[in-house]
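Participant: Quick one: the structure is below, questions incoming.
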Amino acid sequence: MKRRPPLRGVTRRDVLQHGSVLIVASAGGLLSACRPAGGPAPATPDQGGTDARDPWDAAETIVAGIPAPRIPDVVRNVLEFDAAPGNERDSRAAIQAAIDATADAGGGRVVIPRGDWFSDGPLRLRSRIDLHIAAGAHLRFSGRAASYLPVVKTRWEGTEVWTYSPMVFADGLEDVMISGSGTIDGQGEANFLPWRQKQKPDQNALRQMGIDGVPVDQRVFGEGHFLRPHFVQFRECRRVLIDGPTFVDSPFWVNHLLYCDQAVVRNIHVVSHHINSDGVDVDSSTNVVIENCRFDVGDDGVAIKSGRDQDGWRVNRPSQNVVIRDCEYLGETGGAMAIGSEMSGGVSDVFVENYRMAKVHHALYFKANLDRGGKIERVFIRNIDVGAADSLLIFTNDYHSYRGGNYPARFENVSVANVSCDTARVGLSIVGHERAPVRNVTLDNVRIGSAETPMQIRYAEGLDFDDVWIDGVRVSAPLNGTSGPDVKLRH
């Protein structure tokens, strides 16, 4: 796999294709030239200017502009607070006491040492705390639903709600970390995956509340309801770092960055083979880096989101300035790199490089449906190695759970370069909507060894293919935005 080639200068074609203007703020942060609009009729970006810098310079600016959490050089061990190892001994109160006492004294590292540990209920992090899961430590969470009450305010599949607490929860914090090379275990398959068979009434009710604009404080799904809790969630946090642990057997989404700014996830291994075990969900968050991670999961490796339908438009918080690099996807049934499907608040300025995927359902997955509205734009992808895929690259407004809306999402200004894929059922599936065609997708040096269906392209404008090969044949972008048969892809 190619590793971060030298940056090249932006050509006139790049400027015309991407239409992207990035402004570096004096404080070192990155501002996009426009704010993606949520809602049924997203505004067209005001591009303005002709900045000719390489767009990948912006990725380095994002990375450089994220400071490390400021954690005092203090170390406390949970053993000091009468925590006791053992899978049957509940250490939750002792671990929480260690977190609270350390935070009250100004902050520091709280160490869970080598051994088996059990928490009957959630752990709540505090500002200036590093929860350190030491080598050889294995922290398991219970499956007792009542232990995750009272309800907390969160967002569940893109709709705000009061429901069960995440197992590890950070709410409204600054300078907060999870570190160490130990293991955090959600025990989700046995305890919470069965809820999925019971969740449909609650899921539908919550989505309808979001559509109808029911006040969030009236959306309460606690005891007697079946919305599975998140595993690890940072909500409304700044300067976040997750570095090192292995996360196994999640109850739902694994690492959920909700309304966060300046967050880094690196050196983690996620092993959770059942559905909805997304490795990292970036949800209405800004200035995020995900690097050197391994995702052995039964759903998406990385998914970038920003809210569902009318509730996403109401919140109107995009995900912006996200860098994903040097990661590996080991699952088989999800999307390795996904944007959507809950993307109604908009997603922009995303940079993905050096991502390996042995076998994957959809490798590069842009997903929405006609309920969503919103826009995905200015996405730059390079250096991707794929073994086998159902589809290598897919844009769709036909994602499942459609509820009858007529607000097609928009996909615009996407660059994909230096990609190899051994085999695919469908090589390129670029399908827009008659009122929202996919616009300005550039493919450069893309090679698919074999594909049952090389391309299906509908409602697409401004496609540019340079050095694209499928089944040993060099292919060009269709001038009329249409190519290939209609193929049904599973979402």
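Participant: Please work out which option in (1) 64, 57, 49; (2) 158, 66, 41; (3) 70, 48, 41 gives Cα extents along the principal axes in Å calculated from these coordinates, and answer with its label.
Facilitator: Label (3) holds the value from this structure.
Participant: Also, I was wondering about something else. Once you list every other residue whose beta carbon is under 9 Å from the beta carbon of R128, what net charge do they have if Lys and Arg are +1 and Asp and Glu are -1?
Facilitator: Value of the local net charge: -1.
Participant: Roughly how many nanometres apart are two label points built 7 Å out from the Cα toward the Cβ at N292 and E332?
Facilitator: Label at N292, label at E332, 3.0 nm between them.
Participant: Restricting to Cα pairs below 8 Å that are 6+ residues apart, what does the relative contact order work out to for segment 258-403? Please round to a whole percent.
Facilitator: That works out to 20 percent.
Participant: If you take every residue apart from F234 with its C-beta less than 15 Å away from the C-beta of F234, what net charge results, scoring Lys and Arg +1 and Asp and Glu -1?
Facilitator: Net charge around F234: +1.
Participant: Next up: By the scheme Lys and Arg +1, Asp and Glu -1, what is the net charge of all other residues having a beta-carbon under 12 Å from that of T61?
Facilitator: Here the charged neighbours net out to -3.
Participant: Shifting gears a bit: Put a dot 7 Å past each Cα toward the Cβ at D104 and K198; how far apart are the dots in nm?
Facilitator: Inter-label distance under the simple model: 3.7 nm.
Participant: Relative contact order, percent, of the chain when contacts are C-alpha pairs under 8 Å separated by at least 6 residues?
Facilitator: Contact order relative to length: 11 percent.
Participant: Taking 22 Å as R0, compute the FRET efficiency from the Cβ-Cβ separation of V214 and A146 and round it to 0.05.
Facilitator: That gives a FRET efficiency of 0.30.
Participant: On to the next question. Check cross-link reach from K367 to the lysines: straight Cα distance under 20 Å, and skip same-chain residues fewer than eight apart.
Facilitator: K367 reaches K305, K359, K375, K488.
Participant: Also, quick follow-up: Quick one: check the C-alpha center-to-center distance for segment 67-115 versus segment 470-488, whole angstrom.
Facilitator: 57 Å
Taken together, the values in this text are just the output of simple stated rules run on the coordinates, not laboratory data. Please read these numbers as outputs of a predicted model, since none were measured by experiment. So basically every Cβ, Gly included, is an ideal-geometry build from the backbone, and we count neighbours across all protein chains shown.
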